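Peer 1: Sharing a structure below in structure tokens format, with a few things to ask.
The values are calculated or read from the model by the stated rules, or taken from the named source; none is laboratory data. On a predicted model such as this, the values are computed, not experimentally measured, just so you know. Every residue, glycine among them, receives a Cβ derived from its backbone with ideal geometry; neighbour counts consider all protein chains shown. Just the protein is used for accessible areas: all its heavy atoms, side chains included, with ligands, DNA and RNA removed. Shrake-Rupley method; radii C 1.70, N 1.55, O 1.52, S 1.80 Å.
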Amino acid sequence: MKANSLLRSRYLPLLVWICGLLAVWEAVSWLLLHVVKTPLAQSKLPYVHEVAATLWKYSGTLLKEGGATFGNAGIGFLIGAAAGVLLAVLMSLSRTVERLAFPYAVASQMIPILGLAPIIYGIVRDEQVSRIIISGYITFFPVALNMLRGLRSVDLPAVELMHSYAAKPWAVYWKLKLPAALPGLFSGLKIAAPLAVTGAILVELMGAQHGIGVIMLRNLYYGPSHTYMFWSTVLVGALLGIASYWLMTLVERLVAPWQPEFRPKGGERS
């Protein structure tokens, strides 16, 4: 009973908001089309049920192209995350490394991704490699920054206690600093995951052959008959970003279940 009550209190408000938003969307779409009679009304805000029907009709194509986007974004995300973690560990070990690397890491993020993506694509001329590079580039900085903050969050008395036990440096990191840095690491991963998907889609808009961004671009300029397909690709792109965030949340719950937000509340069993 307590579990059912917890589910209702957690998910019922979300369900109400989603249903309300869809109802308002459908009503505004009808008003634009039949009352205001706005030109190209369905291009501006199409019927929800028509978009849903298109999603169902072309689900195979959308799933295939979405998988291409998500797969390449995932590879770049993993590479960027690994590089970010490695740099954070090196910077926590040496102030010299931090002074040498951190300012350039910050400066690299000042380059707009909208300007960098076509440059990378123009140099590489390979859509898969370009998506991986851009996704890794986006992932690298938030992971490195949050991981470094997590490593620096360890209480000094705890580190001194480890040293008093003659613990080796790798033992201090493995048993103390890395567990303490996990919340910060996953904060960076949850920030970077949707951005990596967005970066992959942006590369596909540069002229790729496969991916959800390719279908999005093709249906944007082909007239009213392609409106519902265009909106379907937009929704699929949004869902990919949401799915990447939820995936990182699930992994965090499995890897670091001891965090306060994952503990049962009020004596309830999880």
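Peer 1: Does Glu98 satisfy the criteria of being among the charged types (D, E, K, R), in a helix (DSSP H, G or I) and at pLDDT 90 or above?
Peer 2: Against the criterion (among the charged types (D, E, K, R), in a helix (DSSP H, G or I) and at pLDDT 90 or above), Glu98 does not qualify.
Peer 1: Another question, if that's okay. May I ask you to verify whether Pro224 is surrounded by fewer than 21 Cβ atoms within 10 Å (Cβ to Cβ), over 29 Å from Ile119 (Cα atoms) and at pLDDT 90 or above?
Peer 2: No.
Peer 1: A further question on this structure: Given the criteria more than 28 Å from Asp126 (Cα to Cα), basic (Lys, Arg) and in the same structural domain as Met162 (by the TED database), does Lys177 qualify?
Peer 2: Yes; evaluated as a whole, the condition is true for this residue.
Peer 1: Separate question: Can you tell me which condition Met110 does not meet? The list is (1) open to solvent by 70 Å² or more (accessible area, probe 1.4 Å); (2) over 22 Å from Ile242 (Cβ atoms); (3) in a helix (DSSP H, G or I), and all the others hold.
Peer 2: Evaluating Met110 over (1) open to solvent by 70 Å² or more (accessible area, probe 1.4 Å); (2) over 22 Å from Ile242 (Cβ atoms); (3) in a helix (DSSP H, G or I) leaves (3) as the failure.
So that you can scan it fast, the table gives a plain yes or no per residue for (1) in contact with a helix residue (DSSP H, G or I) (Cβ under 7 Å, 6 or more places away or on another chain); (2) of a type in the set (Phe, Trp, Tyr); (3) open to solvent by 50 Å² or more (accessible area, probe 1.4 Å); (4) touching a residue at least 24 places away in the same chain (Cβ under 8 Å):
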| site | (1), (2), (3), (4) |
| --- | --- |
| Val35 | no, no, yes, no |
| Val48 | yes, no, no, yes |
| Ala53 | no, no, yes, yes |
| Gly80 | yes, no, no, yes |
| Ile119 | no, no, yes, no |
| Gly136 | yes, no, no, yes |
| Thr139 | yes, no, no, yes |
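Peer 1: Across the stretch 167-217, what is the total count of residues that are charged (D, E, K, R) and surrounded by 20 or more Cβ atoms within 10 Å (Cβ to Cβ)?
Peer 2: Residues of the stretch 167-217 that are charged (D, E, K, R), as a first pass: 168, 175, 177, 190, 204.
Still in the running and surrounded by 20 or more Cβ atoms within 10 Å (Cβ to Cβ): 177, 204.
Summing the residues that are charged (D, E, K, R) and surrounded by 20 or more Cβ atoms within 10 Å (Cβ to Cβ) in the stretch 167-217 gives 2.
Peer 1: Does Gly60 qualify as being open to solvent by less than 90 Å² (accessible area, probe 1.4 Å) and either outside any helix (DSSP H, G or I) or within 28 Å of Ser153 (Cβ to Cβ) (or both)?
Peer 2: no
Peer 1: With the structure loaded, tell me whether Ser164 is open to solvent by 60 Å² or more (accessible area, probe 1.4 Å) and either more than 21 Å from Leu87 (Cα to Cα) or not assigned by the TED database to the domain that holds Trp246 (or both) or whether it fails that test.
Peer 2: Values: open to solvent by 60 Å² or more (accessible area, probe 1.4 Å): yes; either more than 21 Å from Leu87 (Cα to Cα) or not assigned by the TED database to the domain that holds Trp246 (or both): yes.
Judged against the criteria, Ser164 is a match.
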